Amino acid sequence: MTVIRKTALAGAMVALTALPVAAAECPLSYEQFEVGVPHTDMETCPESMAQEGTYCRLSLVAETVTIFAFAESNDCIVATKTYADEDFSLKVD
């Protein structure tokens, strides 16, 4: 994993916690996320994050998986969930 990829993910996570008040309506858009965070599309969101009208993306950096959920209506981030390597298993079809 390159330092650039780790930095991109760290930047996205910081963007979620250190936001200007003006950006409160959409702290991170999918457009911003797509170019800044290496990720893969998920067919469905995990059950623990499933909400009607959302879609999810998965980012794997080192031993950490982060799932990002976005609203279909405005493409704004609505939730994130991070898993350490002991919390998940990877299945490739």
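Of all the residues in region 56-87, those that are surrounded by fewer than 15 Cβ atoms within 10 Å (Cβ to Cβ), out of contact with any Lys or Arg (no Cβ under 8 Å at 6 or more places or on another chain) and not in a strand (DSSP E or B) number 7.
Counting the residues of region 39-50 that are surrounded by fewer than 17 Cβ atoms within 10 Å (Cβ to Cβ) and touching a Lys or Arg at 6+ places or on another chain (Cβ under 9 Å) gives 5. Scanning region 18-48 for residues that are at pLDDT 90 or above and assigned to a helix (DSSP H, G or I) yields Tyr30, Glu31, Gln32, Phe33, Glu34, Val35, Gly36. Scoring Ala15 on the criteria (1) assigned to a helix (DSSP H, G or I); (2) hydrophobic (A, V, I, L, M, F, W, C); (3) open to solvent by 90 Å² or more (accessible area, probe 1.4 Å); (4) at pLDDT below 90 leaves a single failure, condition (3). For region 47-63, the set of residues classified as touching a residue at least 24 places away in the same chain (Cβ under 8 Å) and in contact with a Ser or Thr (Cβ under 6 Å, 6 or more places away or on another chain) consists of Ser59 only.
Scanning region 52-73 for residues that are polar (S, T, N, Q) and more than 21 Å from Phe88 (Cα to Cα) returns Thr54, Ser73.
The values are calculated or read from the model by the stated rules, or taken from the named source; none is laboratory data. Please read these numbers as outputs of a predicted model, since none were measured by experiment. Here the Cβ is made from the backbone with ideal geometry for all residues, glycine too, and neighbour counts use every protein chain on show. Heavy atoms of the whole protein, side chains included, go into the accessibility calculation; ligands, DNA and RNA do not. Shrake-Rupley method; radii C 1.70, N 1.55, O 1.52, S 1.80 Å.
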